[in-house]
Structures are given as structure tokens and as C-alpha cells.
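First the structure, in the form of C-alpha cells, and then the observations on it.
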Amino acid sequence: MKILLADDDGQLQRALRITLGARGYDVVSARDGAEAIDLAASAHPDLVLLDLGMPKVDGLDVIRAVRAWSGVPIVVLSGRTDSGEKVEALDAGADDYVTKPFAMDELLARIRARSRRPADEVDGVAVHRIGELEVDLAARVVRPVTQDGEGHGASVRLTPTEWRLLELFLKHPGRLLTREMLLGEVWGPFHANDAGYLRLYVAQLRRKLEPVPAEPRHFLNEPGMGYRFEP
């Protein structure tokens, strides 16, 4: 597995290269945001570890640039602890957020969680219907459906995290999924209490996939427990 490590802290770079290399990861390094974008395109990493406070191009702009053409998992490493900045990074397309300083065991667990990509199909079915939308998991496309049943029109863009959350809902139609289960499956065990992440992304799925987001028909909240998906 190849990891792109983008951080301008030389000491941290060296420590992570040694630790990750010892565990069999192939590490390529970038010391500024511009180099990170170039390597994301040329080195074809399987995962990106990204500091937000990068020279030349800020980490948030790196996320937006990479997300314009790639779904590679991005784990942010940052000393910024403000919750608004965390949400901004996740909303830009990051998959996880690790606050510095961090324990190496925690980072390795996050890497393992992010590297477990969801299957292209859910229970052997690659195409699902949500109201008047068609979800093609293999092609990673959501598009409107005409009256004759054929998908057409402009597709709905989902972030990698939104795709993972949607796949969980599609796998368990009609079933109550607890907040802890959803957080653990999508964000990993260290986010078991971060209900704000879940509310944010469920709201984004409603905005993109519900006919009337303020009156959801498909992504239903079960107060105090979790969410239920009704196709």
C-alpha cells in the first residue's frame, strides 16, 4: 500500500516514514501543498496523510484539488483543534481528521480503517433506487430516472465519505442503524462519540438525495438511537 505523506514538519516526516516503512507501507513525501497535489496525480497513492498548514497551497485547497478528480482516502493530520475547521476539512472531502499530537497506534488504526474500501456491490446488487434517483455503486454515479425507468440527466456528486455512509444504508434497508455503528463503520472506532460528523453527513445526503430535505422520506432519524433508511 502506497501512502502520500504531505507535511512540512521534517521531524514528523522522518518519524512517520520510519514507522510506516517498518510496517510495510510504501511512503512518498511532499513538503508543501503544490508538491502534494503533483504527487497525488503522479504517484497514485492508496491513501493521503495531509497536514492542513502547508506552504504554497493550504491543506484545504489540496483536498479540494485532489477531490476534483480522485476518491483516494485523505486523512488530515493537524494541530488545529477548532471544530469548525474539522468540519470544513471533512466537508471539503477529507475522510478523517487526526489532531496533533497523536499516538502512533491511533494513526495506524485510522489508516487501516480508511484503507478498507467498500465493495462495489451491496448484497450482489450494483444498482439501487432511492425515490426518483438511481444509485449505481459500481460506476459511483447517482442520477435521476425518467418515467420509462432509464437513468439520465446530470449526476449527483457525492464525496467518498458520503458514498460509504450511503452504502451502509443501502445494505440495511428498513433497519435501525445506531449512531455508534454508523460512526464506527464510516469514521472508525476513535469517532464513536462524534455524533456531529454523522449529523453533518446525513444532512448532506438528505440535501442531495431527498425530494424535500427538510421533510425526509428516506433517511429517517430515530431520536436518541440512530437512523433508518427507507428506499
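A few remarks follow.
- Distance between the C-alpha centres of the range 165-194 and the range 14-78: 26 Å, rounded to the whole angstrom.
- Theoretical ellipticity at 222 nm over the chain - DSSP helices of four or more residues, -39500 (n - 2.57) apiece, nearest 500: -12000 deg cm²/dmol
- Spherically averaged projected area of the range 2-115 from its Cα convex hull (nm²): 6.1
- Set of aspartates and glutamates near LYS56 by C-alpha distance (under 14 Å), chain-local residues within fewer than 8 positions excluded: ASP7, ASP8, ASP32, GLU35, ASP38
- Stretch gain in nm, segment LYS56-ASP26, where the contour uses 0.36 nm per residue and the Cα spacing is subtracted: 8.3 nm
- Two-decimal ratio, the chain, of alpha-carbon radius of gyration to 2.2 N^0.38 Å: 1.06
- Loop-located trypsin sites (Lys or Arg not before Pro) in the range 1-79, at most 13 other Cβ atoms within 10 Å (DSSP): ARG23
- Summing charges over neighbours of SER83, with a neighbour being any other residue whose Cβ is under 14 Å away from its Cβ, gives -2 when K and R count +1 and D and E count -1.
- Extending 7 Å from the Cα toward the beta-carbon at both ALA214 and MET181 defines two label points whose distance is 3.2 nm.
- Placing unit charges on the Cβ atoms only, positive for Lys and Arg and negative for Asp and Glu, gives the range 2-115 a dipole magnitude near 360 debye about its Cα centre.
- By the combined test of axial Cα extent (at least 15 Å) and Kyte-Doolittle hydropathy (mean at least 0.0), the qualifying DSSP H helices of the chain come to 10-22.
A short reminder: the numbers here are calculations on the coordinates, not readings from a lab. Being a predicted model, the structure only gives us computed values, none of them experimental. Counting neighbours? That spans all protein chains shown, and the Cβs are built from the backbone with ideal geometry, glycine included.
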